[in-house]
Amino acid sequence: MVKIAPSILATNPLHVLEDLRQLEVVGVDLIHVDVIDGVFAPNFGYTPAFIKALASETSIPIDAHLMIVNPLKYVSVFAEAGAEYISVHVESLDASSARMLLNLSREQGFRCGFAIRPSTPEPSWLEDVLDKADFILPMSVEPGFSGQKFMRSVLPRFKWFSDIRRQNAYSYELEADGGVTQENAAELVGSGVDILVAGSSIFSSGDVKQAAEKLRSACGVYTV
Ligand code: DX5
Ligand code: ZN
C-alpha cells in the first residue's frame, strides 16, 4: 500500500489547519513537515513548536524532514514534539553519529530515516546501517524549496535501494520527495517507492482534497 505524504512547505502557512481538515477527509497517511535551518539548505522551514501544535490537532502521523546541520543535537526535540517519522540527511552524519541516531530512535520510539541529496554519492557507512534503517529518502530535487522539477536521474537510485532491500530482506520504506506529481507517481511506485511526498502538486492545485485523491489514484491505490 503506497503512502501519500503532503508536504506543507508548499502551502500558505496561514491555511495549514484548513488544508489539514481536507487531508483528513482524504485519509492521507503522513503529513510531511520540512525543517530547514538556512545553513544546510538556503531556506527556513517549520519548528518543533509548530510540529507540537500540529500533532495536537491531528492523528495523522507527522514525518519531519530535517534539512539541518548538527541533527543529533536537535533530533530528540522533534521526537518529543510528536514527529513519528524523522529523516536526517547523510551529509550531516558520519558512521558513528548515524549509529547514535539509530539508538536514539529505538529509545525514543520514532522511525529513523536517512535522506540524501541528488548530488551526494551514498556514503560507505550507509550500507552498514540499512538493516536498521526504517526508511530511506533519496531526494529528487536539491533540498530547500517546493515547486522544483523532478530529477529523473534519481530513478535508478530508487531501484537500487529497492533491489538491495529485496536481496537482503531489509524492511526500510523508500520515500520520494521533490517534484512528485500524478504523472510520475506510477513510475516511482514501479521503482520501489512506498511513500510519495507531494508539495506543489497538491497545494498549488486549488483543490487540495481532489489533488490528494488524484495522486492516490495515480499510483493505483484507491480509498473505499
Ligand atoms: C524540498 C522539500 C520538499 C518539498 C516538496 O526541500 O524537502 O518536501 O516541499 O515539494 P514539491 O513536491 O513541490 O517538490
Ligand atoms: Zn521534504
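The values are calculated or read from the model by the stated rules, or taken from the named source; none is laboratory data. This one's a predicted model, so the numbers in the text were calculated from it and none came from an experiment. With ideal geometry, Cβ positions are generated from the backbone for all residues, glycine too; neighbour counts draw on all protein chains shown. For the accessible areas, the whole protein counts, side chains as well, though only heavy atoms, and no ligand, DNA or RNA atoms are used. Shrake-Rupley method; radii C 1.70, N 1.55, O 1.52, S 1.80 Å.
If only residues of region 22-59 that are β-branched (V, I, T) and more than 16 Å from ligand 1 (Cβ to nearest atom) are counted, the one that is farthest from S200 (Cα to Cα) is T58.
Looking at G144, G206, G199, can you tell me which residue is small (G, A, S), touching a strand residue (DSSP E or B) at 6+ places or on another chain (Cβ under 9 Å) and either more than 21 Å from E84 (Cβ to Cβ) or away from ligand 1 (no atom under 16 Å from the Cβ) (or both)?
After applying the criteria, what remains is G144.
Taking the condition open to solvent by 30 Å² or more (accessible area, probe 1.4 Å), closer than 29 Å to D128 by Cβ and more than 13 Å from ligand 1 (Cβ to nearest atom), does E84 pass? Judged against the criteria, E84 is a match.
Taken over region 119-147, the residue count meeting the criterion of being touching a residue at least 40 places away in the same chain (Cβ under 8 Å) and within 14 Å of ligand 2 (Cβ to nearest atom) is 9.
Here G45 fulfils each of the conditions (1) more than 23 Å from E122 (Cβ to Cβ); (2) surrounded by 20 or more Cβ atoms within 10 Å (Cβ to Cβ); (3) away from ligand 2 (no atom under 16 Å from the Cβ); (4) of a type in the set (G, A, S) apart from (3). When you look at D29, is it open to solvent by less than 30 Å² (accessible area, probe 1.4 Å) and either within 27 Å of L130 (Cβ to Cβ) or assigned to a helix (DSSP H, G or I) (or both), yes or no? No, not satisfied.
Go over the candidates L20, L72 one by one and state the one that is of a type outside the set (S, T, N, Q) and open to solvent by 30 Å² or more (accessible area, probe 1.4 Å). Quick ask: steps written out before the conclusion?
Details: L20 fails: open to solvent by 30 Å² or more (accessible area, probe 1.4 Å).
On inspection, the qualifying residue turns out to be L72.
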